[in-house]
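Have a look at the structure below before the remarks.
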Amino acid sequence: MYDMPAQTVTTSDGVQLHTESVGRGDAILFVHEYAGDHRSWEPQVRRFSRSHLCITYAARGYSPSQVPADAGAYSQQHAVDDALAVLEGLGVEEADVIGISMGGFAGLHLAMQHPPRVRSLVIAGTGYGAHPSEAARFRDECEAIARLIEESGMESFAQRYLSGPARVQFRNKDPRGWEELVRQLGEHPVDGAVRTMRGVQRARPSLYALEAELAAIEAPVLILAGDEDDGCLETSLWLKHVIPRSGLAVLPKSGHTLNLEEPDLVNASIADFLGRVAAGAWGPRDPRATPGAITGIS
């Protein structure tokens, strides 16, 4: 299979999702972040469609996917069910799943709930609001964002949101790429953006409340974080300790929008990870590498 035209997949609750696929080989499912959409994975699709079937889709609430009018149609569980619906709709039994931020949360939940469908998992910039000490503030910020979108519209919001403390790194490194992301975010439907922020982002469960489920993930996991993405660093390190077959890579002088900000570094990390997974060389931590020990001599 080399190039499939855009297709529409229908979810379990009847929502139509726009999907695009290109390439051949083992499938990679890309799950986008809140500020992105299916177009945000272009640097990765161009690289990995040479060796894999690359699948992108626009989440519910993101055109050209359907924008449900019911606020109850947006939740973390709906996001997981939609990722599964894309795999089933395209006839993919198992995929390497790559998600960033909101998409990383979906990837983790997919691996917890449907382990046979996740051959391996890459999560980048994943952790905002997860730490118990930050949960209340994060929920307040999500509500403030939803109100800002309602009051100012998407174009004004996009400029402000993508100028945040973990986004300016992308702007400084690649102004043209940053402007493209601003333009694309400004095109998102207001209703979908507001309902996603309140239903998916604001209301998602804390990862720290799911430690046992995360510890049961058997798939190989690569965790990527920017060293200036303060909202994700601590949780990324915690996930490294909790998920048995996980590895953590921290990108220097980098923020939240990792796959666009540092596409070469991210692509190289993913390619190395997938190669080691295929070779059976991404196992759990050696029990001799005791967490918390210094030299092991005492």
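Only the coordinates and a few stated rules stand behind these numbers; no lab work does. Here the structure is a predicted model, which is why all the values come from computation and not from measurement. Because the Cβ atoms are built from the backbone with ideal geometry, glycine has one as well, and the counts that use them run over all protein chains shown.
Miscellaneous remarks
- By the beta-carbon count within 10 Å of each Cβ, the least crowded to most crowded order of D81, D227, D264, fewest first, is D264, D227, D81.
- FRET E, pair E42, E93, Förster distance 25 Å, beta-carbon r, rounded to 0.05: 0.45
- Qualifying trypsin sites (Lys or Arg not before Pro) for region 213-298 [loop in DSSP, other Cβ within 10 Å: at most 10]: R288
- Cut-off 14 Å between beta-carbons: net charge of the residues surrounding D70, Lys and Arg +1, Asp and Glu -1: +1
- Potential extension, L233-Q113 segment - 0.36 nm per residue separation minus Cα distance: 40.7 nm
- The trypsin sites (Lys or Arg not before Pro) of region 65-146 include none that meets both criteria, a DSSP state outside H, G, I, E and B (loop) and at most 14 other C-beta atoms within 10 angstrom of the site's C-beta.
- Debye-sum result for the chain in log10 I(q)/I(0), which assumes one identical scatterer on each alpha carbon, at q = 0.07, 0.11, 0.14 Å⁻¹: -0.24, -0.61, -1.03
- The relative contact order of the chain comes to 18 percent, based on Cα pairs under 8 Å that sit 6 or more residues apart.
- Each of G255, T8, I270 was placed along the dipole of the chain (beta-carbon charges, centred on the mean Cα), and the one lying farthest toward the positive end is I270.
- Region 57-155: C-alpha gyration tensor shape, a/c 1.5 cut-off, then a/b vs b/c: oblate
- Dipole in debye (nearest 20) - the chain, about Cα centre, beta carbon charges: Lys, Arg +1; Asp, Glu -1: 460 debye
- Residues of region 157-201 falling in the label zone of A136, defined by backbone nitrogen less than 19 Å from a point 7 Å along Cα to beta-carbon, are absent.
- Of the trypsin sites (Lys or Arg not before Pro) found in region 34-108, those in coil by DSSP whose Cβ has at most 14 other Cβ atoms within 10 Å are R50.
- Exposure proxy for V97, V277: other Cβ atoms within 10 Å of each Cβ, ordered fewest to most, give V277, V97.
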